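The values are calculated or read from the model by the stated rules, or taken from the named source; none is laboratory data. Please read all numbers here as calculations on a predicted model, not as lab measurements. With ideal geometry, Cβ positions are generated from the backbone for all residues, glycine too; neighbour counts draw on all protein chains shown. Heads up: the accessible areas ignore ligands, DNA and RNA and are worked out on the full protein's heavy atoms, side chains in. Shrake-Rupley method; radii C 1.70, N 1.55, O 1.52, S 1.80 Å.
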Amino acid sequence: LLGLDAADRALATDVLTVSHTVEPAAKPSPFRGRIWVLVDESVYSASESFVLFCQQTGFATLVGRTTGGDGIGAMDPVYLQLPNSGILIQYTVPFGLNPDGSSNEEMGTTPDLVSPAEEPPLITALRAIREA
């Protein structure tokens, strides 16, 4: 976890490690093509979980810009009413880390193929598909 700051690690009092095993289906799919997923900062929460799966398993190639993050968690947000103001806030309980140890909520997920600033992710993907 190279991206995890040592001071932050020292503050962690409770750590939950979640691991999932994905195994091939008994009968392989007849689909033999490649899958491309377009991403940008609007990818957040549950959609972030999907793109993380795609990237970490090689299921699909991510194309576009860094995502919005906050997808490494399996719980619904917690709601809390502040005692003095009565304001209702929500927050995500688990603090998800990317494979390098950086905060997923802060850093999001960097796509496999980053679009240039002036180019829409779809154009980047179409160019990459042509070149593949």
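Key figures
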{"read-out": "Distance between the range 16-43 and the range 60-113 - C-alpha centres, whole angstrom", "value": "20 Å"}
{"read-out": "DSSP loop trypsin sites (Lys or Arg not before Pro) with at most 15 other Cβ within 10 Å: longest gap in the chain", "value": "35-132"}
{"read-out": "Residues whose placed amide H lies under 5 Å from that of V37, excluding near-sequence neighbours", "value": "T61, L62, V63"}
{"read-out": "At R0 = 30 Å, FRET efficiency that the Cβ-Cβ distance of A117 and Y44 yields, to 0.05", "value": "0.90"}
{"read-out": "Rounded to 5, the percent of DSSP beta bridges in the range 8-116 classed as antiparallel", "value": "40 percent"}
{"read-out": "Rounded percent of accessible protein surface that carbon and sulfur make up, the chain, 1.4 Å probe", "value": "59 percent"}
{"read-out": "Kirkwood hydrodynamic radius over Cα pairs of the range 37-132, then Stokes diffusion coefficient at 10 °C and 1.306 mPa s, in µm²/s", "value": "109 µm²/s"}
{"read-out": "Charge-dipole axis of the range 33-132 as Lys and Arg at +1 and Asp and Glu at -1 on Cβ define it, positive-most pick from I35, A46, V93", "value": "I35"}
{"read-out": "Difference of contour (0.36 nm per residue) and Cα-Cα distance, F59 to N84", "value": "4.2 nm"}
{"read-out": "Probe 1.4 Å - accessible area at T13, Å² to nearest ten", "value": "120 Å²"}
{"read-out": "List E119, E48, E41, E105, ordered by accessible area with a 1.4 Å probe, largest first", "value": "E41, E105, E119, E48"}
{"read-out": "Crossing angle, helix 46-57 versus the chain [Cα axis fit, 0-90 degrees, rounded to tens]", "value": "50 degrees"}
{"read-out": "Under the Karplus curve 6.51 cos²θ - 1.76 cosθ + 1.60, θ = phi - 60°, whole-Hz ³J(HN,Hα) for the range 3-12, x wherever Gly or Pro sits", "value": "x, 8, 5, 4, 5, 5, 4, 5, 7, 6"}
